[in-house]
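What follows is a short report on a single structure.
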């Protein structure tokens with residue numbers, strides 16, 4: 001097989017449904033996304049660590065539901081225009097931590113969606129019980145919501161995600177390179193993104209192919225594998 005040298009091209013990760021790697025880590029969350037609009041409640045919490053695939057799933061749902069992306073600072077105004085439609089609010093725990101007015105804004109926004117018959121997808125790193133919430137009404141509502149939690153991926157899913165990340169950068173390494181990385185990386189999509197970015201940059205700078213020896217030296221030097 002002819003190995004592909006990296007090209008100095010802009011790369012934008014694809015968030016299309018057909019590019020989603022599905023495995024035990026995200027199958028349950030994907031089932032929730034696919035179940036809309038037959039959710040058991042008006043809102044759903046999608047949570048997982050950075051780089052776990054929340055943005056990809058949220059993008060799939062946003063396109064499926066024709067949802068508006070909310071800014072918590074003006075969420076009430078946005079929802080009030082048409083509370084019957086679908087809305088996406090990302091990084092909820094981060095937004096609540098960054099502004100004192102965030103709790104009341106989220107409470108009012110959620111109530112508007114419920115009253116208007118709309119839908120709301122909330123993404124966060126932590127489970128709702130770990131969100132910085134002091135308002136009892138907000139806390140009780142958020143803790144009552146169904147949660148789609150992204151879990152630690154298995155080897156098959158790590159390999160699939162690596163393949164997608166390489167493809168996003170127009171790279172097609174041999175399977176032995178994928179297997180080498182899978183056997184040595186932590187179970188984190190964020191780390192996979194770091195690894196692929198480091199290999200892309202190193203191979204481009206050195207005008208080298210992505211062989212196992214080159215990958216081993218590059219990742220060991222950068223501290224991305226043991």
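The values are calculated or read from the model by the stated rules, or taken from the named source; none is laboratory data. Since we're looking at a predicted model, the values are computed, not measured. Glycine gets a Cβ as well: all are built from the backbone with ideal geometry, and neighbour counts include every protein chain shown.
Inspect segment 160-173 for any residue being assigned by TED's automatic domain parsing to the domain that holds residue 34 and within 24 Å of residue 195 (Cβ to Cβ) and give the result as yes or no.
We begin by selecting, within segment 160-173, every residue assigned by TED's automatic domain parsing to the domain that holds residue 34; these are none.
Within segment 160-173, none of the residues are assigned by TED's automatic domain parsing to the domain that holds residue 34 and within 24 Å of residue 195 (Cβ to Cβ).
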Anything in segment 133-148 that is surrounded by fewer than 19 Cβ atoms within 10 Å (Cβ to Cβ) and within 21 Å of the chain's Cα centre (by Cα)? List them, or say none. 145, 146, 147
Residues satisfying the stated conditions in segment 134-156, i.e. farther than 19 Å from residue 29 by Cα, assigned to a loop (DSSP other than H, G, I, E, B) and out of contact with any helix residue (DSSP H, G or I) (no Cβ under 6 Å at 6 or more places or on another chain): 134
In segment 60-74, anything buried (at least 21 other Cβ atoms within 10 Å of the Cβ) and either within 24 Å of residue 151 (Cβ to Cβ) or not assigned by TED's automatic domain parsing to the domain that holds residue 97 (or both) is listed as 61
Do we find a residue being in a strand (DSSP E or B), buried (at least 18 other Cβ atoms within 10 Å of the Cβ), over 15 Å from the mean Cα position of the chain (by Cα) and modelled with pLDDT of 95 or more anywhere in segment 75-97? yes
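Take the conditions outside any helix (DSSP H, G or I), buried (at least 19 other Cβ atoms within 10 Å of the Cβ) and more than 21 Å from the chain's Cα centre (by Cα) and apply them to residue 121. Does it pass?
Details: outside any helix (DSSP H, G or I): yes; buried (at least 19 other Cβ atoms within 10 Å of the Cβ): yes; more than 21 Å from the chain's Cα centre (by Cα): no.
No.
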Would you check if residue 177 is in contact with a helix residue (DSSP H, G or I) (Cβ under 6 Å, 6 or more places away or on another chain), part of a helix (DSSP H, G or I) and either assigned by TED's automatic domain parsing to the domain that holds residue 92 or under 20 Å from residue 56 (Cα atoms) (or both)? no
